[in-house]
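Shown next, in structure tokens, is the structure this report addresses.
Read-outs throughout are calculated quantities, based only on the coordinates presented, and are distinct from any laboratory measurement. Note that the coordinates shown come from a computational prediction; the quantities given were computed from them, not determined experimentally. Cβ placement follows ideal geometry from the backbone for every residue including glycine, while neighbour counts extend to all protein chains displayed.
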Amino acid sequence: MARALFDPERGYYTRHIRTVGSRGDFSTSVTLSPSLGVATAAWLKAESGILPRVRHVIEVGAGDGSLMQTVRKALGWWTRRQFTFHIVETSPVLREQQQKRLGSAIHWHESLEAALARAEGNAFIYHNELLDAFPATLVEWSAAKQRWLEVWLPESLHPHQHEAAHYSVLRHTAFKDGQRCEIHPSIRDWLRNWTPQWKSGAMLSIDYGGEFPQLYHRRPQGTLRAYLLHQRLTGADIYANPGRQDITADINFTDYRAWLAKLGIEEASHQTLAEFLRPHGAPPQLLDPHGAGSAFKCLVHRRTVCAS
Ligand SMILES: C[S@@+](CC[C@H](N)C(=O)[O-])C[C@H]1O[C@@H](n2cnc3c(N)ncnc32)[C@H](O)[C@@H]1O
């Protein structure tokens, strides 16, 4: 998945993505409606009331730049000029689209560590549908062996090398034979890399997923899937066209919350997208408690004390 999405020469995000939205392979809530941008701007205003000395805003994984554009517009001229805006983007194709859309008002960085260095560690951070693009590791429960095995390509099962203490899936032994789940060492490593440099601020994480084990209820094949021209592909089709189609998996928020807690970062709130958007108005498909509105979660974490 890491190579299919991020190989420097042939990766989907690095080379072949056209854009995000109706003209690309998949849409996101950002490309469907401006309401997430309006709600994110309201969140930034509220957070800067709590942490008035934080003057940098960082979006990670900004797609075609439309969320940053709406956030800046919704903040209004006065508030906008109080902040310096940054984007962390690893896709050269999307960075170019963002630069066309947003112009010189933004500072671009290759990594969150670099953006935080520029902000001297004090920043508000937000990301929408970033984590679901991180490479997932597929595991399968063997009832006969009473253990989890890692799925390799071409499909075959192997002992895994991951520490069960870090992954709720690997500590769970009550699934039916053959249940597949994803774990995300890539997200855990990413958090461990940049959080030591974060001195103060707040982070809004928006993504699809849920708590474990409910996340895998009635999903014996797990949540891994691909998107090509807005078609959802599962099974062996996920491995077809490497580098030419998006691959994604749901986020296990039980793990994500535990990793941040372990890193000493305080959780301020945990809502569904519908709950986050409702005060600001949004189209029905994003507020639907049985659809996108509940499949997406919005977590706020706060860093108020400088960790040495
Ligand atoms: C699924 S798209 C979502 C785009 C946008 N946030 C939206 O909601 O429309 C994932 C985005 O994250 C970027 N990305 C993936 N991994 C990244 C990483 N490690 N650091 C920064 N950006 C990353 C991709 O290039 C892309 O812009």
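Assorted remarks:
- Summarising the label geometry, the points placed 7 Å from Cα in the beta-carbon direction at residue 261 and residue 173 lie 2.3 nm from one another.
- Calculated Rg and Dmax of the range 137-182 using C-alpha coordinates, Å: 9.7, 28
- Partners of residue 262 within straight-line reach, counting lysines whose Cα lies under 17 Å from its Cα and excluding those fewer than 8 residues away in the same chain: 199.
- 28 Å Cα-Cα reach of residue 176 towards lysines, excluding residues that sit fewer than 8 places from it in its own chain: 145, 297
- Listed by chain and number, the lysines placed with their C-alpha closer than 25 angstrom to that of residue 100 are 73; residues fewer than eight positions away on the same chain are left out.
- Using the alpha-carbon positions of the chain, Rg (one decimal) and Dmax (whole number) come out as 19.2, 64 Å.
- Of the DSSP H helices in the chain, those whose Cα atoms cover at least 30 Å axially and whose Kyte score averages 0.5 or more: none
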